[in-house]
Structure formats: structure tokens, C-alpha cells
């Protein structure tokens, strides 16, 4: 048995799967099955694929509706919940033309889960799952690996979101890091996800959906959650939220953690990441 690393290009980034405790040929087959699922998901969730559910929904005007598939529905339900929980600090429809008739705190679309129908409420709906779709994909890939009996693995999408399944036999968790230089913090991640957002990765790109202006935070933010999709969305939300808002969110959600880079580059930890950080 050995540890094996596999890579695959999708969703404009590199996905990695590290499998532990399996024979290499079997681990390769399991990873290949997971990557086939990843390619399928890209066709459903990418706004750059004209026939995808997200692209079709993004062509809607107010009152327009479209039937969407299971993956788009599940991902958008998570995204909509995170938008509500964060007061739209995260919003998959931030690029929509909302119009004055739509209240600032109102969602730009509604979902009918039973009928798999999405209805636009914005004048022109524009969806972007870039801050939740990759995490959702990691969760789905983890499900494929579980079907193959892989119970110890670490997955990541472009180095921005990691999802740890089980733990390596020789340690308490999978090693992941946050921060830079002397302020870098090494954690052991086990059965959880960690996601980071900020200017250090993509430059000045994050807008506050609540104001339409660039986020005030100048450094990075991280979020942890049992779900990679939730961690992915929350790291974006935490980047635009104030320190007080982030602390309150973690206090209200016991399975969530946050790390915020301070001006001196050291990290301010909240929730589950405070516990992990103290034990690192």
C-alpha cells in the first residue's frame, strides 16, 4: 500500500486527489472514476458551457423560468442557503441586474426543488458558481471515492479548497496550511474542508454583493466546514464580511471555522479553526 497523487484539469483549474492506503492501480481507477464525474459536473455547472443549466438560467429575464438538473439544483440550493445565512455577503447572482423593484436583501432567483424549476426575479439573471461550484465538485468526488471503498484521501481544487476524507494511518489528519512566512499555520485536517479566498490568489477581484463595491479586506480569509461547497462559499463571504460579522457567524454555526489575516499577517481564528490552530 502507498500514497498516490492524481491530477486532472477542469473548471479552469487543477484538481488533485491523494489516496492513502490503497494499491496504486486500484487508487488510479478510483481517481479516474472521480474525474469522470468531475468532467460531467463541469458540463452542468459551468457558465462557460453554453448548454449548461447555469448558462441557460443566466439568460433569463424577470419572471422567466427554466427546468434544471439535479446537480445544478443541489449546488444552487447550497448557494442560496449561504446567501441567506450571510446576508448576501456571498451571492451566486451578484452579477445580475437587480432593478429597483427587487429589495436589497431579496434573492435574485427562486427555486422549486420538487419541480426542479428556477425562476428569475432580477431584471436580468446572471449566475456564477465559481465560489461554490468547485467545492460542490469536491464533495461529489468524495462520494465517488467512497463508493470505491476509499476512506482515506485528500482532494483539492487549485490549492484554494481542500477536503480531507478520514485520516492517514500514520497521523491525526492531512496537513494543510494557512498564512504566509512566520505567520503560516499548519493544521491537520480530518473529515472536513478548508477553503481560502483573497487578493493573494487572484488579485483585486472580490466584490461585496451587498454594495457592489470591492471588498474592504486587503488580505486573505479562510473558512472550514464539513462540506467543501459550504467552505468554498463561506471563504468568499468571510472576505467581504467584517471581523465582527465573521465572529458572530462562527458563534452561531458550531461546525464552522474562520481565519482572517491581520495587517501583521498573523491570523485571527474563530470557531473550529481556533481549536485546530491551538492544537497545531
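The values are calculated or read from the model by the stated rules, or taken from the named source; none is laboratory data. Not measured: the values here are computed from a predicted model. Neighbour counts run over all protein chains shown; Cβ positions are idealised from the backbone, glycine included.
Take residue 182 and tell me if it is out of contact with any helix residue (DSSP H, G or I) (no Cβ under 8 Å at 6 or more places or on another chain) and assigned to a strand (DSSP E or B). Step through it out loud before you land on a result.
On the way: out of contact with any helix residue (DSSP H, G or I) (no Cβ under 8 Å at 6 or more places or on another chain): yes; assigned to a strand (DSSP E or B): no.
The answer is no for residue 182.
Is at least one residue of the range 95-108 closer than 25 Å to residue 252 by Cβ, in contact with a strand residue (DSSP E or B) (Cβ under 6 Å, 6 or more places away or on another chain) and not assigned by TED's automatic domain parsing to the domain that holds residue 210?
The initial filter retains those residues of the range 95-108 that are closer than 25 Å to residue 252 by Cβ, namely 103-108.
After this cut, where a residue has to be in contact with a strand residue (DSSP E or B) (Cβ under 6 Å, 6 or more places away or on another chain) as well, the list is none.
Checked the range 95-108: no residue is closer than 25 Å to residue 252 by Cβ, in contact with a strand residue (DSSP E or B) (Cβ under 6 Å, 6 or more places away or on another chain) and not assigned by TED's automatic domain parsing to the domain that holds residue 210.
State all residues of the range 90-108 that are more than 14 Å from the chain's Cα centre (by Cα) and within 19 Å of residue 230 (Cα to Cα); if no residue qualifies, say none.
93, 94, 107
Here is a list: 131, 108. Which entry is surrounded by 23 or more Cβ atoms within 10 Å (Cβ to Cβ) and under 21 Å from residue 164 (Cα atoms)?
131
Quick check, is residue 42 more than 25 Å from residue 166 (Cα to Cα), touching a residue at least 24 places away in the same chain (Cβ under 8 Å), in contact with a strand residue (DSSP E or B) (Cβ under 8 Å, 6 or more places away or on another chain) and not in a loop (DSSP other than H, G, I, E, B)?
Taking the combined requirement at face value, the residue satisfies it.
For the subset of the range 54-82 comprising residues that are in contact (Cβ under 8 Å) with a residue 60 or more places away in the chain and assigned to a helix (DSSP H, G or I), which member is surrounded by the fewest Cβ atoms within 10 Å (Cβ to Cβ)?
Among those residues, the one meeting the criterion is 74.
Report whether or not residue 138 is in contact with a strand residue (DSSP E or B) (Cβ under 7 Å, 6 or more places away or on another chain), farther than 25 Å from residue 7 by Cα and not in a strand (DSSP E or B).
no
A quick yes/no check of all residues on (1) closer than 20 Å to residue 11 by Cα; (2) at pLDDT below 90; (3) under 21 Å from the mean Cα position of the chain (by Cα):
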{"site": "143", "(1), (2), (3)": "yes, no, yes"}
{"site": "147", "(1), (2), (3)": "no, no, no"}
{"site": "151", "(1), (2), (3)": "no, no, no"}
{"site": "155", "(1), (2), (3)": "yes, no, yes"}
{"site": "162", "(1), (2), (3)": "yes, no, yes"}
{"site": "169", "(1), (2), (3)": "no, yes, no"}
{"site": "191", "(1), (2), (3)": "no, no, yes"}
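If we scan the range 94-105, do we find a residue that is free of Cβ contacts under 8 Å to residues at least 60 places away in the same chain, outside any loop (DSSP other than H, G, I, E, B), at negative phi and crowded, with 21+ Cβ neighbours inside 10 Å?
Looking for residues that are free of Cβ contacts under 8 Å to residues at least 60 places away in the same chain, outside any loop (DSSP other than H, G, I, E, B), at negative phi and crowded, with 21+ Cβ neighbours inside 10 Å, one finds none in the range 94-105, hence no.
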